[in-house]
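**Student:** Input: one structure, supplied below.
Each value in this text was obtained by applying a stated rule to the coordinates, not by laboratory testing. This structure is a prediction, so every number in the text was calculated from the model and none was measured. Ideal geometry is used to build each Cβ from the backbone, glycine not excepted, and the neighbour counts take in all protein chains shown.
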Amino acid sequence: MHSVMNKRGLIKFSLSVWCLCISLMTYAQYGKYVDPKIGSEGLGRVFIGPSAPFGMVKPGPDCTCKPNSGWLPMPEVVTGFAQVHVSGTGGGPKYGNILVQPYCGGPDMESHEAKREYENIELGYYNTRFQENGIQTELTTSDRCSFYQFTYPKESKRSLRVDAGFFLGENPVPDAREAQQFVGSEIEIVSDTEVRGYSRIRGGWNNGRAYTVYFYAVADKPFTKTLTWKDKFSSLTENAQCDEGKKTGAVISWGEESTESTVKLKIGISFLSSLKAQENVRKEIPHWDFRQQLEKVRLQWEKLLGRIELGKGATEVQKRMFYTALYHTLIMPVDRTGENPLWTDNAPYYDDFYAIWDTYRTSSPLITILSPQRETDIVNALINIYKRDGYMPDARSGNANGRTQGGSNAEVVIADALVKGLKGIDYELALKAMLKDATVPPGGNEEQEGRGGLLEYNRLGYVPFGIDRAGNRTVEYAYNDYNIATVAKMLGKNDIYKEYIRKADNWKNLWRDNYEYDGVKGFIMPRSASGEWLDDLPFGHSKVQHPTFRYTPVTNESPWYAPWWGTFFYEGISWEYSLSIPHDVPALIEKSGGNEAFRNRLDTFFDKGYYNVNNEPSFLTPCLYHWIGRPDLSSARIKQIITRNYNDTPGGLPGNDDSGAMSSWLAFHMMGLYPNAGQPYYLIHSPLVSEYTIRLTNGNSLHVVAKKLSEKNCNIQHVSLNGKELHRAWINHDELSQGGELIIEMGNKPSDWGTEELPPVKM
């Protein structure tokens, strides 16, 4: 019997070793190319710490209370490590909750900021050592838990500060716009290895209601001494500080060791309770093997990263850029299923849509390819938010809707899911949610949800000047209405379809045909409620002098004293938004004066510097040459844009990553396939890699080969799909889903491929 048990144990051990080897081999295949530092400096603002796919917990170093991701490059000091962050976002910060700070010394309440000797940042892993005290900090994560490994130098007093009152974006001005504000906190030493508590914060980027982050921390070694504090040490106890609207914290110590020693700490996070945070720890990380957890989270990533395999011809730089782009696309929004304190529901729940205005164009379509079930869950979460809160969000964070930047863009996400055949979604209920956006004003808080200026839009067919963001709201509402029409048509709601396909033309009501600028005619321009075109806009509120300033297609801001939030176009100029009609490019071409005039318009847009690479409304614009039968010009522009603005360095993103928007844009263009969100096709242009395979979750694979691709051979000559000549410069989602082989023959000169059969027109 003993011999049998030994054999079983040996087999079990061998299997464990084999699994670990397979894990390491798999990681070496894809994960080694993920560099979380790409886009961390400059404008990118990506999160550099470890994260699971769509992980709720994102632990990482906080160097100040200001940056949204918490991190700054060396030599900035590190304040500690918070457990919840966002990635790539602009505007005001959010989160930065539950800070831990290792230090050497006795129980003292002071901050022990320290400089880093080095940083090692990899997929699922962060490691640093501090100059002042020699402490090495390693961290990895699960979906809802952080896992720390602190290595203290020999003969040091091993201590850890737990700050439940820390958060990002603190501002001394009460209720300062987009700043987070402290509400309350609590902390308790539960046993000689356990600490729990919470932090309650409100405000932030979405100016949202209070949210509470509960935590449960457990160490692998018993504490030798504990101390808790409240309100800058006005109250000191050994075990607990209750919530009195003051910041609280604790210091825990493990005494002194004569040799170098390691202390491990697991921190579970929950938005329901500290007991749920404890459950998250026990469920997700029931062991103390740091390496095992690291490999587990890396395997989670490998399953997703491996859905697209670049061929041998891809360079190391291309692989780093591509797989990092996939990684950044897949860390937000955040899966908080079962963690919403506002309602009890087992349905999928996602938070940190930061914001759909940024992500619907490329992030959602890429998730649909890589993980259609995940995108299904995200769509269902949007519908569930409508059921419970009354509106689907355009942005949401901390369990609160907030910051509609233009349209009600959840409509695009739903339409995109339907036209691409995602199952398990109640599209009838989704249509009701979409129609509420289009018919019911949001009751005064037009930043929070719904459509601002809705009554005027429905009455006039446009949003008149005098209402914030009148220009882009009109353009986006028309696109949103098109998506409503799409869903209605596919559900057999013909009356609704007819009404909203008509409204999809409302952008034309702000199109000023005879306005000329820089040799180009026709622009989206301000118009009054009485129908007058406005060349001069009010400058201030004087009723005597009536000062004005001249508005042109390049005006991008109001007078210095006017809030940027209320400009005619949000984060853009007329040049950009006058090209942002993704649902009806043929009508846009007609309005611009035909094919030649439209080509001149595009050439002027790019050559004169009106194109803004980091502005989402311009995402589709480089591909618009497709609609005049010149996909070669689209390819040339895309290659030029990427070459000038993207690379594999910490400054390698040209703007805020915006929850993966910039990264997913790059990934699609590297593949030579680009989505037009809400519509069931992908435009084909010259890829930047010569070979790749998309492994679909339905068991099919699409193998794409760009034959003879080189720096000179960058023009498409012929395309075939599964052996049949493909004359059109796009493929449908159904064709992609069926898999097979897409062969792209490259040459050094433009050809007549894609010049005759133009991309689909609106439904």
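**Student:** Please list, or write none, the aspartates and glutamates whose alpha carbon is within less than 15 Å of the alpha carbon of Lys762, excluding same-chain residues fewer than 8 places away.
**Tutor:** By straight Cα distance, Lys762 reaches Asp416, Asp481, Glu499, Asp505, Asp584, Glu590.
**Student:** Could you list Met746, Met662 in order of exposure, starting from the residue whose Cβ has the fewest other Cβ atoms within 10 Å?
**Tutor:** The order, fewest Cβ neighbours first, is Met746, Met662.
**Student:** Counting every Cα pair in the range 64-187, what percent are over 18 Å apart?
**Tutor:** Everything past 18 Å amounts to 56 percent.
**Student:** Next question, about the same structure. Given R₀ = 60 Å, FRET efficiency for Glu756-Val190 by Cβ-Cβ distance, to 0.05?
**Tutor:** Here the calculated transfer efficiency is 0.25.
**Student:** For the chain, find the longest principal axis of its Cα atoms and tell me its angle to the long axis of helix 427-439, 0 to 90°, nearest 10.
**Tutor:** Helix 427-439 sits at roughly 70 degrees to that axis.
**Student:** Next question, about the same structure. Can you give the helix-only mean residue ellipticity at 222 nm for the chain, where every DSSP H stretch with n ≥ 4 adds -39500 (n - 2.57) and the sum goes over all residues, rounded to the nearest 500 deg cm²/dmol?
**Tutor:** Using -39500 (n - 2.57) per qualifying helix, the result is -9000 deg cm²/dmol.
**Student:** Still on this structure, I have one more. Mind checking the full-extension length gain between Glu428 and Asn239? Use 0.36 nm per residue of separation minus the Cα-Cα distance, one decimal, nm. Show your work: numbers first, answer last.
**Tutor:** Details: separation 189, 0.36 × 189 = 68.04 nm, distance 5.35 nm.
Contour length minus the Cα-Cα distance gives 62.7 nm.
**Student:** So, one more: Give me the distance between the Cα centres of the range 126-147 and the range 402-448, rounded to whole Å.
**Tutor:** So the two Cα centres are separated by 41 Å.
**Student:** Okay, next question. Arranged by the count of other C-beta atoms within 10 angstrom, fewest first, what order do Asp607, Asp468 take?
**Tutor:** Final ranking by Cβ density, sparse to dense: Asp607, Asp468.
**Student:** If you don't mind, another one. Residue by residue through the range 173-189, what is 3J(HN,Hα) from phi via Karplus (6.51 cos²θ - 1.76 cosθ + 1.60, θ = phi - 60°)? Round to whole Hz and write x for glycine and proline.
**Tutor:** These are the phi-based 3J(HN,Hα) values: 7, x, 6, 4, 4, 6, 8, 7, 10, 6, 10, x, 7, 8, 8, 8, 7 Hz.
**Student:** As an exercise, identify the trypsin sites (Lys or Arg not before Pro) in the range 134-220 lying in DSSP coil whose Cβ has no more than 16 other Cβ atoms within 10 Å. Let's see the in-between values first.
**Tutor:** Working: sites: Arg144, Lys154, Lys157, Arg158, Arg161, Arg177, Arg196, Arg200, Arg202, Arg209; in loops: Arg144, Lys154, Arg177.
Hits after loop and neighbour filter: Lys154, Arg177.
**Student:** What is the order of Met670, Met332, fewest Cβ neighbours within 10 Å to most?
**Tutor:** Numbers: Met670 22, Met332 28.
Going from least to most buried by this count: Met670, Met332.
**Student:** Is there a quick way to get the dipole size of the range 64-208? I mean about its Cα centre, with the Cβ of Lys and Arg at +1 and of Asp and Glu at -1; what is the value in debye to the nearest 20?
**Tutor:** Details: 14 positive and 19 negative charges, 43 e Å.
I would put it at about 200 debye.
**Student:** How many times 2.2 N^0.38 Å is the alpha carbon radius of gyration of the range 35-303? Please report the intermediate quantities before stating the final value.
**Tutor:** Working: Rg = 17.1 Å, N = 269, 2.2 N^0.38 = 18.4 Å.
Ratio of Cα Rg to 2.2 N^0.38 Å: 0.93.
**Student:** Are there trypsin sites (Lys or Arg not before Pro) in the range 237-316 that DSSP puts in a loop and that have at most 15 other Cβ atoms within 10 Å, and which ones? Don't jump to the answer; show the numbers that get you there.
**Tutor:** Numbers: sites: Lys246, Lys247, Lys264, Lys266, Lys276, Arg282, Lys283, Arg291, Lys296, Arg298, Lys303, Arg307, Lys312; in loops: Lys246, Lys247, Arg307, Lys312.
Listed in order of number, the matching sites are Lys312.
**Student:** What's the FRET efficiency of Lys32 with Glu499 using the Cβ-Cβ distance as r and R₀ = 41 Å, to the nearest 0.05?
**Tutor:** E between Lys32 and Glu499, to the nearest 0.05, is 0.20.
**Student:** Still on this model: Which value, in debye to the nearest 20, describes the size of the charge dipole of the chain about its Cα centre when Lys and Arg Cβ atoms bear +1, Asp and Glu Cβ atoms bear -1, and nothing else is charged?
**Tutor:** 1020 debye
**Student:** Also, quick follow-up: How high is the FRET efficiency between Gln373 and Arg291 when r is their beta carbon distance and R₀ equals 35 Å, given to the nearest 0.05?
**Tutor:** After rounding, the FRET efficiency stands at 0.75.
**Student:** Pull up the cross-link candidates among the lysines for Lys724, meaning alpha carbon to alpha carbon under 18 Å and not fewer than 8 places away within one chain.
**Tutor:** Excluding near neighbours in sequence, the set is Lys707.
**Student:** Treating cross-link reach as a plain straight distance, find the lysines whose alpha-carbon is under 25 Å from the alpha-carbon of Lys230, omitting any fewer than eight places away in the same chain.
**Tutor:** Once the sequence-local lysines are set aside, what remains near Lys230 is Lys66, Lys94, Lys157, Lys246, Lys247, Lys266, Lys276.
**Student:** Taking +1 at the Cβ of each Lys and Arg and -1 at the Cβ of each Asp and Glu, which of Val57, Asn480, Leu633 sits farthest along the dipole of the chain towards its positive end, judged by Cα position relative to the Cα centre?
**Tutor:** Val57
**Student:** Now for a separate question. Where both partners of a DSSP beta bridge lie in the chain, what percent of those bridges are antiparallel, to the nearest 5? Write down the numbers at each step before the final one.
**Tutor:** Numbers: 114 of 121 bridges.
Of the beta bridges lying entirely in the chain, close to 95 percent run antiparallel.
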